[in-house]
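Participant: This is the structure, below, for whatever I ask next.
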Amino acid sequence: MNKNKKDVKVETSMMDEWPEPIVRVQSLAESNLSSLPNRYIKPASQRPTMTEDAPAATNIPIIDLEGLFSEDGSSDDVIMARISEACREWGFFQVVNHGVRPELMDAARENWREFFHLPVNAKETYSNSPRTYEGYGSRLGVEKGAILDWSDYYYLHHLPPHLEDFNKWPSFPPTIREVIDEYGKEVVQLCERIMRVLSSNLGLKEDKFQEAFGGKNIGACLRVNYYPKCPRPELALGLSSHSDPGGMTILLPDDQVVGLQVRKDDTWITVKPQPHAFIVNIGDQIQILSNSTYKSVEHRVIVNSEKERVSLAFFYNPKSDIPIEPLQELVSTHNPPLYPPMTFDQYRLFIRTQGPRGKSHVESHVSPR
Ligand code: OGA
Ligand code: NI
């Protein structure tokens, strides 16, 4: 325990700048490389080998939310049961008829695509640091000499309101700030609805999870991922295997190009998105609150040599300074709490310093037996 505290302290002092000069993956992709730089070549065990892939027809559950939030407040038991099973068995599901306007989804993705199509030097003014990660970035983690992922990204805060800072948001294309703001508002509403379903499905009062997250004071941020074409996609990953550290993630995938893979037992399933669907997944904080009834599942992104890919990951998180631990209602002497309390601020230092490392964090964050 003491050792961990000390590690975190050392790491925070490392977080003012990146350990090496940042190279934009977009620049590499545009320089017509014939080979892949060594920094992006994954060890053989992590490469996206086809042999461990599930049959192409396999997909994560697709759940139609139409009717779930009817005016009279009644809910549809079949839909609730499907969400419950998806959270326990998969940690991932797609939702359609989720209430966010399809035009807004397209506008959000295409505004961001335009932003990423700006020349690299036009984006450098937004360049980020590992302290907050806000802005234009090209790596996750501060370990010197790490093997990197084949992607650039943009990270910004939406909630709490005092962290929403338009000056840290892009100003091109001219509509982008308005679109991001509107998109954030609609996606937050969807998150609030799903949170109620997650609570009810565990026999809790429907605002239980929201309360445990800090009520109105929750956090929300957006990471837009840009995966350029890759000259040797079989050697690289767009995003290494990880579980999301926060509460819940609402992903808007590229409508043209697949890339997200979800771990199911020992195989990787390539998600085939439905038109205008969101991909929802449970993050580590909800796994912790549910005492591991809901699963935060490992996922990664593969790249290809034909087409770039753009995705928007919206993270819905607990208030960052309150301790998160298994809900009292869900633990007993027969079912003891699996995790000690920890704030999300503390928890996310791990991924911010180490970078994406499978499920190693939540698995090491267990109560002493
Ligand atoms: C993420 C993530 C998946 C994707 O940003 O955490 O898992 O498809 N993204 O880009
Ligand atoms: Ni993720």
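The values are calculated or read from the model by the stated rules, or taken from the named source; none is laboratory data. Please read these numbers as outputs of a predicted model, since none were measured by experiment. All Cβ positions, even for glycine, are placed from backbone atoms using ideal geometry, and neighbour counts span all protein chains on display. Side chains included, ligands, DNA and RNA excluded: accessible areas come from the protein's heavy atoms. Shrake-Rupley method; radii C 1.70, N 1.55, O 1.52, S 1.80 Å.
Participant: Are any residues in region 159-180 open to solvent by 30 Å² or more (accessible area, probe 1.4 Å) and farther than 20 Å from N128 by Cβ, and if so, which ones?
Facilitator: Residues satisfying the conditions are P161, P174, T175, E178.
Participant: All but one of (1) touching a Ser or Thr at 6+ places or on another chain (Cβ under 8 Å); (2) over 21 Å from L260 (Cβ atoms); (3) modelled with pLDDT of 95 or more; (4) in a loop (DSSP other than H, G, I, E, B) hold for G99; which doesn't?
Facilitator: (1)
Participant: If you don't mind, another one. Across region 91-124, what is the total count of residues that are open to solvent by 40 Å² or more (accessible area, probe 1.4 Å) and under 28 Å from P61 (Cα atoms)?
Facilitator: Here the count works out to 7.
Participant: Kindly list the number of the only condition in (1) closer than 29 Å to L159 by Cβ; (2) more than 16 Å from ligand 2 (Cβ to nearest atom) that fails for I286.
Facilitator: The failed condition is (2).
Participant: Kindly indicate whether any position in region 212-219 is within 14 Å of ligand 1 (Cβ to nearest atom) and either closer than 30 Å to N128 by Cα or modelled with pLDDT of 95 or more (or both).
Facilitator: Checking region 212-219: not a single residue is within 14 Å of ligand 1 (Cβ to nearest atom) and either closer than 30 Å to N128 by Cα or modelled with pLDDT of 95 or more (or both).
Participant: Then there is this: Among L198, L190, L156, which is the only one that is closer than 19 Å to D244 by Cβ, open to solvent by less than 20 Å² (accessible area, probe 1.4 Å) and touching a His at 6+ places or on another chain (Cβ under 7 Å)?
Facilitator: Going through L198, L190, L156 in turn, the sole match is L190.
Participant: If you scan region 233-257, which residues turn out to be among the aliphatic types (A, V, I, L, M), within 9 Å of ligand 1 (Cβ to nearest atom) and over 21 Å from G184 (Cβ atoms)?
Facilitator: Once the filter is applied, which keeps residues that are among the aliphatic types (A, V, I, L, M), within 9 Å of ligand 1 (Cβ to nearest atom) and over 21 Å from G184 (Cβ atoms), region 233-257 yields only L239.
Participant: Return the pairs, sorted by first residue and then second, in which the second residue is among the charged types (D, E, K, R) and assigned to a loop (DSSP other than H, G, I, E, B), the first residue lies in region 255-283 and is more than 23 Å from S305 (Cα to Cα) and more than 15 Å from ligand 2 (Cβ to nearest atom), the beta carbons are less than 9 Å apart, and the residues are 6+ apart or on different chains.
Facilitator: Listed by first residue and then by second, the contacts come to P275/D255; H276/D255.
Participant: Restricting the search to region 257-276, which residues are open to solvent by 20 Å² or more (accessible area, probe 1.4 Å) and closer than 15 Å to F92 by Cα?
Facilitator: R263, K264, D265, T267, T270, K272, P273, Q274
Participant: A further question on this structure: Could you pull out every one of the helices (runs of 4 or more DSSP H) wholly within region 280-369 that has 3 or more residues that are modelled with pLDDT under 95?
Facilitator: Per the criteria, 344-354, 360-364.
Participant: Tally up the residues in region 250-272 that are polar (S, T, N, Q) and part of a loop (DSSP other than H, G, I, E, B), please.
Facilitator: Number satisfying all stated conditions: 1.
Participant: Count, please, the residues in region 295-308 that happen to be more than 14 Å from ligand 1 (Cβ to nearest atom) and crowded, with 23+ Cβ neighbours inside 10 Å.
Facilitator: Result for region 295-308: 0.
Participant: Quick test of your reading of the structure: D244 fulfils all but one of (1) more than 24 Å from A146 (Cβ to Cβ); (2) touching a residue at least 60 places away in the same chain (Cβ under 8 Å); (3) open to solvent by less than 50 Å² (accessible area, probe 1.4 Å). Name the failing condition by number.
Facilitator: Looking at each condition in turn, D244 falls short on (1).
Participant: Now for a different question. Specify the residue that is nearest to M15 (Cα to Cα); the eligible residues are those in region 329-369 that are out of contact with any strand residue (DSSP E or B) (no Cβ under 9 Å at 6 or more places or on another chain) and basic (K, R).
Facilitator: R352
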